[in-house]
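**Student:** A single structure is presented below for examination.
The values are calculated or read from the model by the stated rules, or taken from the named source; none is laboratory data. Because the structure is a prediction, the values reported are computed rather than measured. Please note: Cβ atoms are built from the backbone with ideal geometry, for glycine as well, and neighbour counts cover all protein chains shown. We work out accessible area using only protein heavy atoms, side chains counted, and drop any ligands, DNA or RNA first. Shrake-Rupley method; radii C 1.70, N 1.55, O 1.52, S 1.80 Å.
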Amino acid sequence: MALRLATLSIAIIFLSGLLPLCFSYAYQKLFSRLNAGLLILGSLCALAAGCLALLNTAPDYSLTIPLSFLPMLSLQLKLDALSGYFFFIVGLVSFAVAIYLPAYIQSIPHKKYLLFFTAVFISGMLLVLLANNAFIFLFAWELMSLSSYFLVAHEHEHETNRQAAFIYLLMAQMSGIFILISFGLLAKWSGSLNFNSFAHLHLSSAWTSVIFLLGLWGFGTKAGLVPLHAWLPKAHPVAPSPISALMSGVMLKIAVYGFIRLSFYFLTIGNLWTLGGVVLFIGTISALIGVLYAIMQHDVKCLLAYHSVENIGIIFIGLGLSLIFQATNHSLLATLGLLAALYHCLNHALFKSLLFLGAGSVIQQTHEHDLEQMGGLIHKMPRTAFYFLIGCLSISALPPFNGFVSEWLTFQTALQSSLLANGLLRILIPLAAAILALTGILAATCFVKTYGMIFLGKARSVPMHTAHEAPLTMRFSMVLLASCCLFFGLFPSFTLAHLNAIAKQSIGYALPAFGNWLWLTPISIQQTAYSGLGIFIVLLFITSLVYFWWHPRQYKSVSPWDCGFGGLTERTQYTGTAFAMPIRRIFQAFWKITEAKERRPSLRQPHQTQSVHYTLHTDDWAWEWFYKPWRSGMKIASQSIAKWQSGHLRLYLTYMFITLIILLWLVS
Amino acid sequence: MMSRIVYSFLQTSLIIACAPLFVGFIKMLKCWLQNRSAPSVFQRYRDLRKLFHKQTIIAHHASWIFRFAPYLIFSITVLIASAIPLIISPSKTIGFTDVILIAGLFGLSRFFLALAALDIGTSFGGMGASREMTVATLAEPALMIAFFSLAMMASSTRLDVITTYLSAHSLWFNPSMLFVAIAFAMIAVAETGRIPVDNPATHLELTMIHEAMILEYSGRHLALIEWAAQIKLLIYITLFANLFLPFPLINQLSLSAMGLNGGIVIMKLLLLAFVLVLAETHLAKLRLFRVPLLLNMAFLLCLLGLLMHVITN
């Protein structure tokens, strides 16, 4: 039932993409409505299928359809708890995006291609989750990558967009190759391409490590782990906002899904805790670097893209902890770490797509990406501002919203490191937790800046004055995501209880108890207790009490304090760059900062300054230290190969002759 | 159980009610030490009463965030106060005692204060918000590590369980605790905006941190924010007194034990007020970019404390 629903959802979504290609002027309205309706219906089917698979306690749903034209191969699909959970995430976000999309794309050119590739993209992602065979998996993976390449390159009139899309394609292909090798090795040892035969393979520790690291590289590239993240802040800002929401909120999770499938289902880690240590290390670095780079951005979508790097880092911290505890036979803590990571996947999908959709509404109204040009939009777009605030609070890991719960679970897992025998891990894991705390507060700083610059203060440019509230459908999808952010923050025990099935399948251990609907007590009541709902209600109660007692019955509206000099304008406000300046100075080693001040003298009196120009660039060290060496290495390699390629036929015949002789020598 | 809830409730009210008194006492002590004539201990109550009766003025294009923030900030501080062990360790049912949650709630209140500061669109607000978030960026990880060390010792992140654990095992002379205690004092100074990180009595806008953020507030709004800041100071000092100083709380609900606890806590608080005043009189406010050095030291001390705990156990 669930699997049929899942395949049906893929079919419906794919069909919805085919419709716009038949757009003709006569039926344009009909087709676009039909397309939107089908996309919504398909997402709902995916959502329902995911829920059914999670609720199901019977064995997994699986299906094999023989493909007559490919004798070696059949379409093997399977829906277990893990893929069901990610199906749920994809379905939920796609549902919100599908509602948002029609009103957003009014102003976008070539919308039929956009709709087509969006549908292919979503169905590709869903097919990845359903695949029970390495071939199908990789096919769907490439479907997802290629369709998203076309989405990134949608506004290809601009040179920078084409470049960003090309970098994205390059990195996506590289990730695909590493996954291919990793799965190829698994297929070699198991003798089949079917995922069932991959499950819990017992390999030598060297081969396990090799496959694991190849998979980490491949999936990590797609997920955006540092230093493989550089495509992310380039690709996300140029794609249309709902697509960014899908890419950042969902596509990165598909990579996480692949990694979980590989490391928790296929490989048997045994006692190789170093692998978990590597994941923990990379996750911690990604979280910190991601948020630090985010703070320096002034393009709102670029900023959000760097935050994805941060959140993927947090997810990998949870996974790393889980792997470490699994390798040291602490099943309960391994489960807790995995659940924290899985929960953060859902949370990040929700608040990140909320933020991207909010940013999209602002961009649609003002045609402005630059934080330094925004301001005061809370008066023009009060509802969007409110939903965006909920997104900001959630991503900054503040109680009682959902981001806090998953980070809290990660902290709780990390704090159990005193149970480990290894002294190094016992000190490094709390250190990673401290860096996670630093990440949280840096994220809060970043979102104070973002929210302050976009919505608060005075308008910094003309388009801000003409902005209007987003249309109803766009607001509806934001309301949906914002209320999900609150819901999953208030009822964590409920959610975790359903995730337990995944832990049961992958680690072989399910948490015995989570407490009740009010209190979340993952380890024991003595160790810790958290109640999101309790805090929300009590805080609401006290705040309303304080408000009704003490709020002044009348205000007097005056102009703000200007030290008695007057002349406060929108230009005298603090800018985003100024806001982040102390952070930039304290953590300056993390960026490649180029700062220049240029004094332009007045023409009449050369000793007087007419204007001062200040330029600041904070670039990513990853380009300098990682990509440029690679690029120059590739260049040198291809140049040296080019010397062999003279273009003369006789030379190639000589090569063939030499090759044949060598082969003969080897054979005989 | 029921009586513990009632006592926790009373204790929370006591913290809220006595916070201005404590700040007034610090002010008085400071004046005495500096050979000035001191205002009354109750001056802070008079200030609050005056502010509550004054007209509230608001800048022209303030949004709902500016108006709403004072109530939220005050409520969050009250909520945190309900989790603090002053005389008894509070009941879980009334206080949300998880230490990570406490750090998170302080973060929530700081988030809204910084947003409110940015709402008006003056430079001072932006400057204050930027500096406050910077200081928090440095202080919060150190605070978390301090809490982590305590949590790992007591193997619980619940403040009430930690307090009970500390009253059973007197640990204040433990080297790990000593490091964490020194660091916690530095963090507390930074988080509550005292010298050498911030000067609560400054009248120069350019050197302000906390005061710059609330420059636009007046009347009842200002009263609530000031009161919340006073409660926050008392919370940090109480935490320091009851977690890191000798003679921890006696974990009994009898009247005699509570009387003894109360007496000891008052002595500790007076002592800490004296130490704070001494430090504030002797030290000058640090330049903003010297603050990271202080807080990095706190972070490293916490880390050393944690390391020591890990090694010795």
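**Student:** Would you point out which residue out of A:199, A:206 is over 19 Å from residue A:291 (Cα atoms), out of contact with any strand residue (DSSP E or B) (no Cβ under 6 Å at 6 or more places or on another chain) and without any contact (Cβ under 8 Å) to a residue 60 or more places away in the chain?
**Tutor:** Working: A:199 fails: without any contact (Cβ under 8 Å) to a residue 60 or more places away in the chain.
Result of the check over A:199, A:206: A:206.
**Student:** What do you reckon, is residue A:312 out of contact with any Gly (no Cβ under 6 Å at 6 or more places or on another chain) and either closer than 18 Å to residue A:482 by Cβ or surrounded by 24 or more Cβ atoms within 10 Å (Cβ to Cβ) (or both)?
**Tutor:** On the way: out of contact with any Gly (no Cβ under 6 Å at 6 or more places or on another chain): no; either closer than 18 Å to residue A:482 by Cβ or surrounded by 24 or more Cβ atoms within 10 Å (Cβ to Cβ) (or both): yes.
Criteria not met by residue A:312.
**Student:** Any residue in the stretch B:121-150 that is facing chain A (nearest Cβ under 7 Å) and open to solvent by less than 10 Å² (accessible area, probe 1.4 Å) sitting within a Cβ distance under 7 Å of a residue that is in a helix (DSSP H, G or I) and of a type in the set (Lys, Arg)? List the pairs, counting only those 6 or more apart or interchain.
**Tutor:** The qualifying pairs are B:136/B:110.
**Student:** Kindly evaluate residue B:162 against the criterion of being more than 8 Å from chain A (Cβ to nearest Cβ), assigned to a helix (DSSP H, G or I) and over 17 Å from the mean Cα position of the chain (by Cα). If you could, list the steps in order and put the result at the bottom.
**Tutor:** Working: more than 8 Å from chain A (Cβ to nearest Cβ): yes; assigned to a helix (DSSP H, G or I): yes; over 17 Å from the mean Cα position of the chain (by Cα): yes.
Yes: the conditions hold for residue B:162.
**Student:** Another one. Restricting to the stretch A:447-487, what's the tally of residues that are closer than 13 Å to residue B:118 by Cβ, under 23 Å from the mean Cα position of the chain (by Cα) and of a type outside the set (A, V, I, L, M)?
**Tutor:** 4
**Student:** From B:52, B:68, B:9, B:74, which residue is surrounded by 15 or more Cβ atoms within 10 Å (Cβ to Cβ) and within 16 Å of the chain's Cα centre (by Cα)? Outline the logic, then answer.
**Tutor:** Numbers: B:52 fails: within 16 Å of the chain's Cα centre (by Cα); B:68 fails: within 16 Å of the chain's Cα centre (by Cα); B:9 fails: within 16 Å of the chain's Cα centre (by Cα).
Result: B:74 is the single residue among B:52, B:68, B:9, B:74 that is surrounded by 15 or more Cβ atoms within 10 Å (Cβ to Cβ) and within 16 Å of the chain's Cα centre (by Cα).
**Student:** Also: Tell me which residues, restricted to the stretch A:470-479, are surrounded by fewer than 16 Cβ atoms within 10 Å (Cβ to Cβ) and either in contact with a strand residue (DSSP E or B) (Cβ under 7 Å, 6 or more places away or on another chain) or in a loop (DSSP other than H, G, I, E, B) (or both).
**Tutor:** Scanning the stretch A:470-479 gives a single hit, A:471.
**Student:** Okay, moving on. Name the residue that is modelled with the highest pLDDT, counting only residues in the stretch B:77-98 that are open to solvent by less than 10 Å² (accessible area, probe 1.4 Å) and facing chain A (nearest Cβ under 7 Å).
**Tutor:** Among them, the one singled out is B:79.
Residue-wise test of (1) touching a Ser or Thr at 6+ places or on another chain (Cβ under 7 Å); (2) of a type in the set (Gly, Ala, Ser).
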| position | (1), (2) |
| --- | --- |
| A:293 | no, no |
| A:308 | yes, yes |
| A:329 | no, no |
| A:333 | yes, no |
| A:342 | no, no |
| A:346 | no, no |
| A:355 | no, no |
| A:360 | yes, yes |
| A:364 | yes, no |
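**Student:** Determine whether the stretch B:222-243 contains at least one residue that is open to solvent by 10 Å² or more (accessible area, probe 1.4 Å), modelled with pLDDT under 90 and of a type in the set (A, V, I, L, M).
**Tutor:** No.
**Student:** Criterion first (closer than 29 Å to residue A:88 by Cβ and hydroxyl-bearing (Ser, Thr, Tyr)) does residue A:574 satisfy it?
**Tutor:** On the way: closer than 29 Å to residue A:88 by Cβ: no; hydroxyl-bearing (Ser, Thr, Tyr): yes.
No, not satisfied.
**Student:** In addition: Would you tally the residues in the stretch A:398-413 being in a helix (DSSP H, G or I) and more than 8 Å from every other protein chain (Cβ to nearest Cβ)?
**Tutor:** Restricting attention to the stretch A:398-413, the residues satisfying the condition of being in a helix (DSSP H, G or I) are A:402-413.
Then keep just the ones that are more than 8 Å from every other protein chain (Cβ to nearest Cβ); that gives A:402-403, A:405-407, A:409-410, A:413.
Residues flagged as in a helix (DSSP H, G or I) and more than 8 Å from every other protein chain (Cβ to nearest Cβ) within the stretch A:398-413 amount to 8.
**Student:** Please verify whether residue B:62 is of a type in the set (Gly, Ala, Ser), part of a helix (DSSP H, G or I) and within 12 Å of chain A (Cβ to nearest Cβ), treating the condition exactly as stated. Walk me through how you get there before you give the answer.
**Tutor:** Values: of a type in the set (Gly, Ala, Ser): yes; part of a helix (DSSP H, G or I): no; within 12 Å of chain A (Cβ to nearest Cβ): yes.
The answer is no for residue B:62.
**Student:** Right, something else. Just give me the residues in the stretch A:549-583 being at the interface with chain B (Cβ under 7 Å from one of its Cβ atoms), open to solvent by 40 Å² or more (accessible area, probe 1.4 Å) and among the polar types (S, T, N, Q), in sequence order.
**Tutor:** Passing the criteria: A:557, A:559, A:572.
**Student:** Still on this structure: Please determine, by comparing only the residues of the stretch B:256-305 that are touching a residue at least 24 places away in the same chain (Cβ under 8 Å) and not in a helix (DSSP H, G or I), which one is surrounded by the fewest Cβ atoms within 10 Å (Cβ to Cβ).
**Tutor:** Looking at the filtered set, the residue picked out is B:284.
**Student:** Would you be able to say whether some residue in the stretch A:117-128 is open to solvent by 10 Å² or more (accessible area, probe 1.4 Å), within 29 Å of residue A:191 (Cβ to Cβ) and in a helix (DSSP H, G or I)? Please lay out each step first, then the result.
**Tutor:** Step one: of the stretch A:117-128, the residues open to solvent by 10 Å² or more (accessible area, probe 1.4 Å) are A:117, A:120, A:127.
Filter again for within 29 Å of residue A:191 (Cβ to Cβ), leaving A:127.
Subsequent filtering for residues that are in a helix (DSSP H, G or I) retains A:127.
Yes, the conditions are met somewhere in the stretch A:117-128.
**Student:** Within 14 Å of chain B (Cβ to nearest Cβ), buried (at least 20 other Cβ atoms within 10 Å of the Cβ) and in contact (Cβ under 8 Å) with a residue 60 or more places away in the chain: does that describe residue A:391?
**Tutor:** Spelling it out, residue A:391 is indeed within 14 Å of chain B (Cβ to nearest Cβ), buried (at least 20 other Cβ atoms within 10 Å of the Cβ) and in contact (Cβ under 8 Å) with a residue 60 or more places away in the chain.
Let's see how each residue does on (1) touching a residue at least 40 places away in the same chain (Cβ under 8 Å); (2) more than 9 Å from chain B (Cβ to nearest Cβ); (3) in contact with a Lys or Arg (Cβ under 8 Å, 6 or more places away or on another chain):
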{"site": "A:396", "(1), (2), (3)": "yes, no, no"}
{"site": "A:423", "(1), (2), (3)": "no, no, no"}
{"site": "A:428", "(1), (2), (3)": "yes, yes, no"}
{"site": "A:431", "(1), (2), (3)": "no, no, no"}
{"site": "A:463", "(1), (2), (3)": "yes, yes, no"}
{"site": "A:468", "(1), (2), (3)": "yes, yes, yes"}
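**Student:** Among residues belonging to the stretch A:506-516 that are within 29 Å of the chain's Cα centre (by Cα) and not in a helix (DSSP H, G or I), point out the one that is surrounded by the fewest Cβ atoms within 10 Å (Cβ to Cβ). Outline the logic, then answer.
**Tutor:** Of all residues in the stretch A:506-516, those within 29 Å of the chain's Cα centre (by Cα) come to A:506-511, A:514.
Retained after the next criterion (residues that are not in a helix (DSSP H, G or I)): A:507-511, A:514.
Working: A:507: 19, A:508: 12, A:509: 17, A:510: 17, A:511: 18, A:514: 19.
Taking the candidates together, the pick is A:508.
**Student:** Now, a different point. Taking the stretch A:68-101 as the region of interest, how many residues are open to solvent by 10 Å² or more (accessible area, probe 1.4 Å) and either at pLDDT 95 or above or out of contact with any strand residue (DSSP E or B) (no Cβ under 6 Å at 6 or more places or on another chain) (or both)?
**Tutor:** Of all residues in the stretch A:68-101, those open to solvent by 10 Å² or more (accessible area, probe 1.4 Å) come to A:68-76, A:78, A:88, A:92, A:95, A:99.
Checking which are either at pLDDT 95 or above or out of contact with any strand residue (DSSP E or B) (no Cβ under 6 Å at 6 or more places or on another chain) (or both) leaves us with A:68-73, A:88, A:92, A:95, A:99.
The number of residues fulfilling the criteria is 10.
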